[in-house]
Structure formats: C-alpha cells, structure tokens
Amino acid sequence: MQRNETKRRGISFVILVISILFIGIGFMRKEHLEVLQKAVRICLECIGIG
C-alpha cells in the first residue's frame, strides 16, 4: 500500500519538474509574448475591430 503511494508521489514530482522545465523554456523563447499577441488579435476580431 505504501509502495504505491510512494511511486505515485514520485511520478507526480517528475511531471511537476518537467512542467516547470517546459514553462521555463517557453519563457526563454518568449513564447508568452506570441500567445498574448494572438489573444489580442482574436479578441479584436470578435468585437469587429480587427
């Protein structure tokens, strides 16, 4: 019983570390600015300005 819980926590930790790594890579490549730019463009198209 305890072995399964330990394994589950280990897997959760690995997924967390990988997620943080990918978020960091995205920030280094300035992907967040592109996502924001696309969001603004979509919003402007929705209200009919873009």
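What a 1.4 Å probe finds exposed on the chain is 67% carbon and sulfur by accessible area, rounded to a whole percent.
Helix 2-28 and the longest principal axis of the C-alpha atoms of the chain enclose an angle of approximately 30°. Helix 31-46 and the longest principal axis of the C-alpha atoms of the chain enclose an angle of approximately 50°. A 1.4 Å probe run over the protein chains yields, for the chain, 101 Å² of accessible area per residue, whole-number rounding.
The values are calculated or read from the model by the stated rules, or taken from the named source; none is laboratory data. The shown structure was predicted, so the numbers you read here are calculated from the model rather than taken from an experiment. Side chains are part of the model used for accessible areas, which takes the heavy atoms of the whole protein and leaves out ligands, DNA and RNA. Shrake-Rupley method; radii C 1.70, N 1.55, O 1.52, S 1.80 Å.
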